[in-house]
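Asker: Below are the structure tokens for one structure; questions will follow.
Nothing in this text is a laboratory measurement; each read-out follows from the coordinates by a stated rule. For clarity, every value in this text was computed on a predicted model and none was experimentally measured. Neighbour counts are summed over all protein chains in view; Cβ atoms, including those assigned to glycine, are modelled from backbone coordinates with ideal geometry.
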Amino acid sequence: MWLRTNCDISFEVSLPTAFILMLRPRSGASQWIARESYVITPSLQVIETADNYGNLCQRLIAPPGELFIHTSTDIRTSETIDTAPGVPFDEVHSLPDSVLNFVLPSRYCESDRFIDLAQEIVAGAIPGYDQVNAINQWVRANIRFNPESDLFQLSAVEVNLAGQGVCRDLAHLGIALCRALCIPARMVVGYLHGLRPMDFHAWFEAYVGGRWYTFDPTQPEPVGGRVIIAYGHDASDVAVFTRFGPPLNSISISVSVERLPYTQG
């Protein structure tokens, strides 16, 4: 399927402020970008780099006043996501070096605190994909997806105690539970077609059977229509913007995702 994503962000800056932005999707095996627009007003010097996860990052210094950012892409992505009941668990000693570090605890995913709960959740499930699916369903059933939650920057332990959270929070808990079973898991941030209310979205991927699979505890069924912007250990690696300086006077973010009514050539 072809999607068009649009994002408009404005900041009111009181003093010169350094930013790192992470707003550009990449073409790859799961998605292909046919058109991209990225406009920053006022016109500024921008340096683009790739971080340790391959995410595209834009660095700039915003002068006092309004900073406005507009991005738009036409992108081909899958209408479905792969599911694979019965796909086996990968022993830690056989994991690729690039995957191994996603077994470790991280700032927002204290997997070492969830070993007992994770084992309880997956009791009777076939090791591997079925365990991750059981975790995904447990998070969906026990943690309320609340896009209006005013709880901020929760870790997996805090999400479990609160019993609610935004998409990022549910992903953190799913990741922590997977890692507690030595299943590599990572955070994904991007867009989801049909999300209500529309905003940036977060979900997680787990590595079983020699590849990554998508899981999203905010959705009742596995759904595609996803545009990936960034991967990381947790939310600290995938912020769409990070500022280094005084508090901002104001922030405004608007996101839209529409299905294109034609097939690109």
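Asker: Charges on Cβ only, +1 for Lys and Arg, -1 for Asp and Glu, centred on the Cα centroid of the chain; of VAL139, ILE251, TYR231, which one is farthest towards the dipole's positive end?
Answerer: Towards the positive end, the residue furthest out is ILE251.
Asker: Moving on. Determine the dipole magnitude for the chain: charges of +1 sit on the beta-carbon of Lys and Arg, -1 on that of Asp and Glu, nothing else is charged, the reference point is the Cα centre, and the result goes in debye to the nearest 20.
Answerer: Here the size comes out at about 480 debye.
Asker: On a C-alpha basis, how far is the centre of the range 9-87 from the centre of the range 207-265 in Å? Whole number, if you could?
Answerer: The two parts, judged by their Cα centres, are 10 Å apart.
Asker: A follow-up question, please. DSSP loop chymotrypsin sites (Phe, Trp or Tyr not before Pro) in the range 107-181 with at most 13 other Cβ atoms within 10 Å of their Cβ, which ones?
Answerer: PHE152
Asker: Residue-wise, which Karplus ³J(HN,Hα) couplings in Hz belong to the range 187-194, taking 6.51 cos²θ - 1.76 cosθ + 1.60, θ = phi - 60°, and x for glycine or proline?
Answerer: Along the range 187-194, the couplings run 7, 10, 10, x, 10, 10, 4, x Hz.
Asker: Count charges around ALA118 for me, please; just the other residues with Cβ under 15 Å from its Cβ, Lys/Arg as +1, Asp/Glu as -1.
Answerer: -3
Asker: What list of ³J(HN,Hα) couplings, whole Hz, do you get for the range 218-228 from phi and the Karplus terms 6.51, -1.76, 1.60, once you set θ to phi - 60° and write x for glycine and proline?
Answerer: For the range 218-228, the Karplus-derived couplings read 7, 10, x, 9, x, 10, x, x, 10, 10, 8 Hz, x marking Gly and Pro.
Asker: Quick one: dipole size for the range 99-183, taken about the Cα centre, charges +1 on Lys/Arg Cβ and -1 on Asp/Glu Cβ, in debye to the nearest 20.
Answerer: The calculation lands at about 160 debye.
Asker: Also, I was wondering about something else. Have a look at SER149, GLN219, VAL189 and report the one farthest towards the positive end of the charge dipole of the chain, computed about the Cα centre with Cβ charges (Lys/Arg +1, Asp/Glu -1).
Answerer: Towards the positive end, the residue furthest out is VAL189.
Asker: Apply the Karplus parameterisation 6.51 cos²θ - 1.76 cosθ + 1.60, with θ equal to phi minus 60°, to every residue of the range 119-133 and state each ³J(HN,Hα) to the nearest whole Hz, in sequence, with x for glycine and proline.
Answerer: Each residue's phi maps through the Karplus curve to give 5, 5, 5, 9, 3, x, 7, 5, x, x, 4, 5, 5, 5, 4 Hz.
Asker: Per the helix-only calculation at 222 nm, which mean residue ellipticity applies to the chain, given -39500 (n - 2.57) for every DSSP H run of n ≥ 4 and division by its residues, nearest 500 deg cm²/dmol?
Answerer: -5000 deg cm²/dmol
Asker: Among residues other than ASP234 whose Cβ falls under 12 Å from its Cβ, what is the net charge (Lys/Arg +1, Asp/Glu -1)?
Answerer: After counting each charged neighbour, the total is +1.
Asker: Just to confirm the filter: which chymotrypsin sites (Phe, Trp or Tyr not before Pro) across the range 174-225 are DSSP coil and have at most 11 other Cβ within 10 angstrom of their Cβ?
Answerer: Within the range 174-225, no chymotrypsin sites (Phe, Trp or Tyr not before Pro) qualify (loop, at most 11 other Cβ atoms within 10 Å).
Asker: Additional query: Taking 8 Å as the Cα distance limit and 6 or more residues as the minimum spacing, I'd like the relative contact order of the chain as a percentage.
Answerer: Contact order relative to length: 30 percent.
Asker: Please report the relative contact order for the range 185-232, taking Cα pairs under 8 Å with a sequence separation of at least 6, and give it as a percent rounded to a whole number.
Answerer: 47 percent
Asker: Something else: Between beta-carbons, use under 9 Å as the cut-off and find the net charge around VAL13, counting Lys and Arg +1, Asp and Glu -1.
Answerer: It works out to a net charge of -1.
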